[in-house]
Amino acid sequence: MVSSRSECLPLHSEPTHFATFYCDDSRWAHRVHPLVGPRGPQPDLLEPFCDAIRSSHPNATLVLLTDSRTSAPRCFDEVIRREVDPEALMLERFRHHRQFLVEQSRGARVAFLDSDCLLVRPLDAFRHSFDFAVTRRTQRGSRPFNNGVLLARTENKAPLVALYEALLTRLGQRPLSEQAWGGNEQVLASLLLAHGKGPRIRVGELRIRVLEASLYNALPEHDQGREVARILHFEGDRKPQMIREARRRISPRGPPMPRSPGRSWKEAAGAFPRQPAAP
């Protein structure tokens, strides 16, 4: 089971915000992309995404970064809506990230996670010293840094925002198909690897930490990673496994989480009986 409140990390080392960028616009749903294959919205993953985080970090703020039309589950504390070009979703995700960081006070700790990520243990990465952190996968060619997990501190905000500006400029020069999917990881890799290839990279004043994906961005089929990973990433065709994994790991005990109207993900998965509504 995911750790209980008593097992949480000291507040100073915890993320203060978990944010995910998600849009379910039907104009891009279920397209087959040449780099990453079929893509489509998965709204049923949002509540287990939230519940897993709440189980380990009850004091964190959960943020949905989205467009003007996507329906938002009530498990999020904040919903930030901006106009989004559905043909360039990864470019729009960088824009959402940049603006979110601009608006944070100094000292915030932000974990940007894909909505198909499941936090299965407390996120302890902020014990390390960095301004920005990525995860490296060793067998990804031109895309070694999967963007499903990006971590940031806002103590050094100006160079952090400048990094996102550089990423936006580079991605905006790519073909539209790469602005939609895949190009974000290519431009991040080209920028970071131009400054170093070790676990610590310096881009101007910005201190960047390269974390092991086996700990902070693990694929669920890696059994060894399941024993130590903090985050499992159900990317691509692995998404249907996420609800089953969440049902197995998240304890039904503890304070109930707010739910969107209708059936919850737990009820849909047949995990727990539905509780009668309060009169």
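The values are calculated or read from the model by the stated rules, or taken from the named source; none is laboratory data. Because the structure is a prediction, the values reported are computed rather than measured. Heads up, the Cβs are rebuilt from the backbone with ideal geometry, glycines too, and the neighbour counts pull from every protein chain shown.
Of everything in the stretch 128-146 that is surrounded by 15 or more Cβ atoms within 10 Å (Cβ to Cβ) and at pLDDT below 95, the residue that is nearest to residue 53 (Cα to Cα) is 146. Taking the listed residues 165, 155, the one that is assigned to a loop (DSSP other than H, G, I, E, B) and of a type in the set (Asp, Glu) is 155, with no other qualifying. Could we say that residue 76 is aromatic (Phe, Trp, Tyr), outside any helix (DSSP H, G or I) and crowded, with 17+ Cβ neighbours inside 10 Å here? Yes: the conditions hold for residue 76. The residue pairs whose first member lies in the stretch 176-188 and is over 14 Å from residue 88 (Cα atoms), whose second member is surrounded by fewer than 24 Cβ atoms within 10 Å (Cβ to Cβ) and of a type in the set (Asp, Glu), and whose beta carbons are closer than 9 Å, counting only pairs six or more residues apart or on different chains, are 186/178; 187/178. For the stretch 32-68, which residues satisfy the criterion of being under 23 Å from residue 177 (Cβ atoms), modelled with pLDDT under 90 and surrounded by 13 or more Cβ atoms within 10 Å (Cβ to Cβ)? The answer is 33, 35, 36, 39, 41, 42.
Considering only residues that are at pLDDT below 85, part of a loop (DSSP other than H, G, I, E, B) and either surrounded by fewer than 17 Cβ atoms within 10 Å (Cβ to Cβ) or in contact with a strand residue (DSSP E or B) (Cβ under 6 Å, 6 or more places away or on another chain) (or both), which ones fall in the stretch 227-256? Result: 251, 252, 253, 254, 255, 256.
For the stretch 83-98, the set of residues classified as modelled with pLDDT of 95 or more and out of contact with any Phe, Trp or Tyr (no Cβ under 9 Å at 6 or more places or on another chain) consists of 91 only. One residue alone among 179, 173, 186, 224 is modelled with pLDDT under 90 and among the polar types (S, T, N, Q), and that residue is 224.
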